[in-house]
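The values are calculated or read from the model by the stated rules, or taken from the named source; none is laboratory data. What you see is a predicted model; the values in this text were computed from it and never measured. Glycine also receives a Cβ, built like all others from the backbone with ideal geometry; neighbour counts cover every protein chain displayed.
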Amino acid sequence: MRFRLLLLPLLALPFLGMAHKPPCSIRFYVVANKKDGAPFIRKIQIGNETVYVSKMAAIGEDDIRSVFPYMADDGTWGCGMRLDGRGMLRLDTMTTENRGQPLICVVNGRLITAMVIDKEIKDGVLFIPSGLNVADVVIIRKRFHVMGDSKKSKKHAEVAESPAAAQPPAPVPARYTRGD
């Protein structure tokens with residue numbers, strides 16, 4: 001019995017250094033066929049049009065390695081995302097197979113934007129051009145590594161509790177924009 005009481009604190013040691021990541025959901029869905037059936041698709045209303053998308057995200061937050069939030073021209077926020085190896089393969093496959101189809105972006109359960117896949121993306125960088133609010137950006141900055149931030153400024157970003165206290169990121173350098 002005494003041995004078990006001593007063992008309990010030792011088992012907790014690995015968990016002391018683990019930081020809690022705030023919940024953040026970034027999902028990209030491709031259009032599905034209406035005939036695929038209810039277990040595999042769901043309806044999304046985009047403007048006046050009803051679109052059927054796959055219930056399984058083509059790319060999700062687990063595929064994101066780092067982010068670069070920026071202020072969009074319309075006053076909302078956008079975000080560039082560098083994907084990991086698995087995400088790069090998924091993005092390449094998705095953009096190859098679904099050219100000309102809409103790509104639906106949902107952040108924290110909220111429809112952000114629908115983009116048309118116009119070309120293959122092989123570099124593993126995906127953009128949300130606009131539509132994010134300050135609260136989304138604060139959560140994204142806390143959850144993912146921000147490109148260009150040092151560890152010191154990342155700790156500063158974790159201290160920010162409210163969206164108003166967050167420092168807005170710098171504008172996007174030209175090397176992070178996708179010019180077509």
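Taking region 97-112, which residues are closer than 17 Å to C24 by Cβ and not small (G, A, S)? Reasoning before the result, please.
Filtering region 97-112 for residues closer than 17 Å to C24 by Cβ gives 105-112.
Selection gives C105, V106, V107, N108, R110, L111, I112.
Which is under 19 Å from R143 (Cβ atoms), surrounded by 11 or more Cβ atoms within 10 Å (Cβ to Cβ) and at pLDDT below 95, of A19, A57, A72?
Every option except A57 fails the conditions.
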